[in-house]
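The structure appears right after this line, and notes come after that.
The values are calculated or read from the model by the stated rules, or taken from the named source; none is laboratory data. Bear in mind that the values here come from a model prediction, so they are computed numbers and not experimental data. Neighbour counts are summed over all protein chains in view; Cβ atoms, including those assigned to glycine, are modelled from backbone coordinates with ideal geometry. For accessibility, only protein heavy atoms count, side chains too; no ligands or nucleic acids. Shrake-Rupley method; radii C 1.70, N 1.55, O 1.52, S 1.80 Å.
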Protein chains: 2
Amino acid sequence: MKYCSNCGAEVVKQIPADDDRLRFVCPQCEIIHYQNPKVVVGCLPVAGQQVLLCRRAIEPRLGYWTIPAGFMENGETMLEGALRETREEAAAKVCDETLYRLFDIPHINQVYVFYRGNLDGDYGVGPESLESRLFSEEDIPWSELAFPIVTDVLTEYFEDRKTGEFPIRVSTPSKLWAKHVGWKPTPEGKI
Amino acid sequence: MKYCSNCGAEVVKQIPADDDRLRFVCPQCEIIHYQNPKVVVGCLPVAGQQVLLCRRAIEPRLGYWTIPAGFMENGETMLEGALRETREEAAAKVCDETLYRLFDIPHINQVYVFYRGNLDGDYGVGPESLESRLFSEEDIPWSELAFPIVTDVLTEYFEDRKTGEFPIRVSTPSKLWAKHVGWKPTPEGKI
Ligand SMILES: [Zn+2]
Ligand SMILES: [Zn+2]
């Protein structure tokens, strides 16, 4: 942020009175421009023993497999957002949706909220996907998953399915993904 | 938003290519300025049969009772934010924190994420509070609670305590608060 979105003046970075962190502040209209984490919402569509994944047609991680998910929009609920993304990315509907998994990803200022639901009818390929496909546990392309959260949700889902208990968890993503895909962190490269 | 925060040019409202909703777009640097819901994080501190509430020293709902909560900051996890707000508003620490309640408030573009935890040591009054106090169920000032979500979390908490089961729920706030406080919606007035 360089300019005030309210008046167009150049913003400065300073700690406002009664605050304890640096904010973008407008010296002209005095508005404090807070910056906050964004919510990504998604849904794991389940069809019997299989789950529906999409192969990404866009960067980052173009060509890798993911669970339908995307940025939550103003004016919608988390579930509405999750169902919208499922529709947009996998041309799919789900039913019996239930909250399943939350992630904190503080280094990129994101929160993920995943539901799971039963695939209801057909599915297809949205404009942000190269293909969609149902996978059984043994067919999951573990080394071609797009993000750590995808590895975590799928790993936990297949574990939970054994017991029939699906507790709602919240954590930062595990290191399992990096192990599966052989990914090494670079100084710039954060996914 | 009137001006581009990147280059200072006046933004226009239009539907970008490959999109289906109006966004603020900069005609000069072509950046799309997405606007997304904000996350409010909080924690219900429990001390034996009592819960810790704070009386708000700031608008909106100055003078009314609430659970420590506030906007999640960049760079923190939801739990870290909830604990920070508990520290800031009630000068309190909690332990054994666990995720408890999520709310969607789509008409104000907010998501609430509440933890509950056990009050660990003393408590006090933060700069955004007039006072902090422990309440037993029979003492809760139901008609002086600040927001619908506070009514819902407390109502559910005392119900859940009877069974010892504390399921993680997600919903929009109920109408119970409006009933307790005698609040009637006005054309402008949204809380
Ligand atoms: Zn300004
Ligand atoms: Zn611009």
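For the protein assembly as shown, dividing the convex hull volume of the Cα atoms by the residue count gives 167 Å³ per residue. For chain A, adding -39500 (n - 2.57) for each run of n ≥ 4 DSSP H residues and dividing by the number of residues yields -5500 deg cm²/dmol at 222 nm.
Compute the orientation-averaged projected area for region B:120-191 from the convex hull of its Cα atoms and round it to one decimal in nm². Each step should come with its number before you reach the end.
Details: hull surface 27.6 nm².
About 6.9 nm², averaged over all directions.
A cysteine counts as unpartnered when no other cysteine's C-beta lies under 4.7 Å of its own; in chain A this applies to A:Cys43, A:Cys54, A:Cys95. Peptide A:26-36 has a mean shielding of 2, counted as Cβ atoms of other protein chains within 10 Å of each residue's Cβ. Against chain A, whose longest principal axis is taken from its Cα atoms, helix A:148-163 shows a tilt of about 40°.
Within straight-line reach of A:Lys184, meaning a Cα separation under 20 Å, sit the following lysines at least 8 residues removed in sequence or on another chain: A:Lys175.
Size descriptors for region A:11-63, from the alpha-carbon set: Rg then Dmax equal 20.9, 60 Å.
Average partner chain C-beta neighbours within 10 Å, per residue of A:9-20? Intermediate results must be reported in sequence, preceding the final value.
Values: counts 2, 1, 2, 0, 0, 0, 0, 0, 0, 3, 0, 1.
Averaged over the peptide's residues, the number is 1.
Net charge of the neighbourhood of A:Glu165, taken over other residues with C-beta under 15 Å away and scored Lys/Arg +1, Asp/Glu -1, is +1.
If you count only protein heavy atoms with a 1.4 Å probe, what accessible area per residue comes out for the protein assembly as shown, rounded to a whole Å²? Before the final figure, lay out the partial values.
Numbers: 18470 Å² over 382 residues.
On a per-residue basis, 48 Å².
Quick one: net charge around B:Pro16, please, counting Lys, Arg +1 and Asp, Glu -1 for every other residue with C-beta under 12 Å from its C-beta.
Overall, the nearby charge balance is -1.
Checked against a 23 Å cut-off, the cross-linked pairs A:Lys38/B:Lys2; A:Lys38/A:Lys179; A:Lys38/B:Lys179; B:Lys38/B:Lys179 give Cα-Cα distances beyond that limit for A:Lys38/A:Lys179; A:Lys38/B:Lys179; B:Lys38/B:Lys179. Here chain B is treated with +1 on each Lys and Arg Cβ and -1 on each Asp and Glu Cβ, and its dipole about the Cα centre works out to around 540 debye.
Report the local net charge at B:Ile149: Lys and Arg +1, Asp and Glu -1, summed over other residues whose C-beta lies under 13 Å from its C-beta. All intermediate terms of the calculation are to be shown ahead of the outcome.
On the way: positive: B:Arg61, B:Arg101, B:Arg169, B:Lys175; negative: B:Asp104, B:Asp152, B:Glu156.
After counting each charged neighbour, the total is +1.
Just so you know, the Rg over Rh for chain B is 1.06, from Cα atoms, with Rh as the Kirkwood radius. Within a straight-line Cα-Cα reach of under 15 Å, A:Lys13 can be paired with the following aspartates and glutamates, leaving aside sequence neighbours fewer than 8 residues apart in one chain: A:Glu30. Between the Cα long axis of helix B:78-90 and the first principal axis of chain B there is an angle of about 60°, rounded to the nearest 10.
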